[in-house]
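These notes concern the structure reproduced below.
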Amino acid sequence: MLDLHVHLLGHNDREASRETIAAFLDEATRRGLKEIGFADHDYYWDQMNFPMIREVAEDYPHLAVRIGLEAEYRPHEEGRIKNLIEQFPFDFIIGSVHEFDGWVFDIPEEEPMHWKKDIDQFYSRYFEIVTLAAKSGLFTTIGHFDLIKIFGARPSKDILALADETLTVVAEQGLVLEVNTNGRYKPVQEFYPERRLIEDIHRRGIEFTLGSDAHCAGNVGRDLSEASQLLHEVGVKSLVGFSRLDKVSYSLD
Ligand SMILES: [Zn+2]
Ligand SMILES: [Zn+2]
């Protein structure tokens, strides 16, 4: 019913145009979504066109069209992110970690490194950085919570223990986590986060939103009905959308 993580600009391989915006909103309509949230990567800031999204959205009165941002969290760049967030009345802000200590770990070229490095060590380090992201107060949402598993390298330590402190902070800060279905199309072939984490997150009272992480219109809403079903099975009663940084609740019953 909602998809709060789509990339209009993809990997900066297209421009924001009325046609591309309409293609995303048409697909959202076709899939029966009530809310869609654009969240392009902050490093394409200069290519973003929020007024154009607002204009095209007027032709889709049945759809809540939200404007967000997926910000790359690096501990020493909190000021840079804050500055971006202040430049527009965003509906939501996703904080994501795709990189730490200079290692951009989620690109295909880096897959061999996942098998060469100490897996327990880099999982711990990843969650340390996500904890800092959660503490920063900059975000409404943490993106793809266990992205570090992307190539299928698994730690020997229990993932619930590795993520424990991070989730404590996420709960304290009232942050929302997404079920991001894009992981199914990566080597790990499962949603972010995995089911055991979803159960643990729900037990802690942390709320969920949904995101396809679509980088093209055709993938808007992909597998989200399955993700909703999974959340329902786990006992989640509602999902969270956002309007001007305030939570909007959607019943899952
Ligand atoms: Zn991401
Ligand atoms: Zn994304």
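The values are calculated or read from the model by the stated rules, or taken from the named source; none is laboratory data. Please read these numbers as outputs of a predicted model, since none were measured by experiment. Cβ: placed from backbone, ideal geometry, glycine included. Neighbour counts: every protein chain shown. The protein model used for the area step is the full one, side chains on, heavy atoms only, and it has no ligands, DNA or RNA in it. Shrake-Rupley method; radii C 1.70, N 1.55, O 1.52, S 1.80 Å.
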- prompt: Take the residues of region 235-250 that are assigned to a strand (DSSP E or B) and open to solvent by 10 Å² or more (accessible area, probe 1.4 Å): which is nearest to F90 (Cα to Cα)?
  reply: S243
message: When you scan region 155-163, do you find a residue that is basic (K, R), under 18 Å from the mean Cα position of the chain (by Cα) and not in a strand (DSSP E or B), even just one?
response: no
field: Residues located in region 21-71, provided they are open to solvent by less than 40 Å² (accessible area, probe 1.4 Å), within 14 Å of ligand 2 (Cβ to nearest atom) and among the hydroxyl-bearing types (S, T, Y)
entry: Y44
field: Any pair with Cβ under 6 angstrom, 6 or more apart, that starts in region 213-229 at a residue that is part of a helix (DSSP H, G or I) and ends at one that is away from ligand 2 (no atom under 15 Å from the Cβ)
entry: A217/A23; A217/E27
message: Condition (residue is within 23 Å of G183 (Cα to Cα), hydrophobic (A, V, I, L, M, F, W, C) and surrounded by 17 or more Cβ atoms within 10 Å (Cβ to Cβ)) applied to region 74-91: is it met by at least one residue?
response: no
field: Total residues in region 72-101, condition within 12 Å of ligand 2 (Cβ to nearest atom), touching a helix residue (DSSP H, G or I) at 6+ places or on another chain (Cβ under 9 Å) and in a strand (DSSP E or B)
entry: 3
- line: The lone condition D253 fails out of (1) modelled with pLDDT of 95 or more; (2) open to solvent by 10 Å² or more (accessible area, probe 1.4 Å); (3) more than 16 Å from ligand 2 (Cβ to nearest atom) is (1)
query: Which residues, taken from region 85-126, are out of contact with any strand residue (DSSP E or B) (no Cβ under 7 Å at 6 or more places or on another chain), under 27 Å from F38 (Cα atoms) and of a type in the set (A, V, I, L, M)?
result: V97, V104, I107
- line: How many residues of region 193-212 are in a helix (DSSP H, G or I) and more than 28 Å from L8 (Cα to Cα)? The answer is 8
- prompt: Quick one: is G152 open to solvent by 60 Å² or more (accessible area, probe 1.4 Å) and on the phi > 0 side of the Ramachandran plot?
  reply: no
